[in-house]
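First up is the structure itself, then whatever we jot down about it.
The values are calculated or read from the model by the stated rules, or taken from the named source; none is laboratory data. The structure presented is a predicted model; accordingly, all values stated were derived computationally and were not measured. Side chains are part of the model used for accessible areas, which takes the heavy atoms of the whole protein and leaves out ligands, DNA and RNA. Shrake-Rupley method; radii C 1.70, N 1.55, O 1.52, S 1.80 Å.
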Amino acid sequence: MSDPNPTILIADDDEDIHRLIQAALKERTFHLVEAYDGDEALEMAVIEKPDMVILDVMMPGLNGWELARYFRSKPEFEQMGILILTGIGETLNDMTSPLYGADEYLDKPFQIEALNAAVDRVLETVSQRTTG
C-alpha cells in the first residue's frame with residue numbers, strides 16, 4: 001500500500017455510525033467514502049478501489065457477508081482489507097466474519113480506540129499483502 005492517505009469505504013445504513021466512524025478517524029489522513037446500503041457499497045468499491053472497507057452486516061441490498069464474500073472472490077479486490085462492524089452479537093460475529101474473509105471484526109457498540117486499533121491492523125495486513 002503505497003498511498004500515504006488510504007481510502008476507506010464505510011458501508012452502513014445507520015447515519016449515526018457514519019458520524020461516529022468519521023469522528024473516530026478524523027485525526028487521521030484517510031480518504032473516507034460512504035455508502036448507505038450494500039448495493040451502493042459495491043458500486044463505490046468498484047469506482048473508488050478502496051484500500052479497506054468497513055462493512056455492516058445487516059443493511060439493505062447486499063449484506064456485509066455477501067459483500068465480503070464477493071470482494072474475496074474477485075482478483076481486483078484481493079488486496080483490500082475488510083473490517084466487519086456489526087451489532088449481530090459477539091458470538092455470531094466471531095463465528096461468521098472469518099468465514100467470509102474479514103481481516104478483523106468489531107461488535108457494536110464499540111470503543112473509538114478499538115476501532116482505530118482494528119483499522120490499523122487491517123491496513124497493516126493490506127500493506128503486508130501488497131509488499132509481501
Which of (1) 16.3, 52; (2) 13.2, 37; (3) 16.5, 55 gives Rg and Dmax of the Cα atoms in Å as computed here? It is (2)
Of the candidates 83, 25, 67, which one comes out as most mobile in a Gaussian network treatment of the chain with C-alpha springs shorter than 10 Å?
25
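Hey, can you list the DSSP H helices of the chain whose Cα span along the axis is 27 Å or longer and whose average Kyte-Doolittle score is at least 1.6?
On the way: long enough: 112-131 (28 Å, 0.03).
Long hydrophobic helices here: none detected.
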Provide the gained length on full extension for the span residue 108 to residue 46, in nm with one decimal, where the gain is 0.36 nm per separating residue minus the Cα-Cα distance.
19.6 nm
Find how many whole Å separate the alpha carbon centroid of region 19-64 from the alpha carbon centroid of region 71-87.
11
Solvent-accessible surface (1.4 angstrom probe) belonging to residue 120, in square angstrom, nearest 10
70
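Return a whole-number percent for the relative contact order of region 5-74, with Cα pairs under 8 Å and 6 or more residues apart as the contact set. Can you show the working numbers first?
On the way: 104 pairs, mean separation 27.8, N = 70.
This gives 40 percent for region 5-74.
What number, rounded to the nearest 500 deg cm²/dmol, is the helix-based mean residue ellipticity at 222 nm of the chain, given -39500 (n - 2.57) per DSSP H run of at least four residues and division by all its residues? Let's see the in-between values first.
Working: 5 runs with 59 residues, N = 132.
Per the formula, -14000 deg cm²/dmol.
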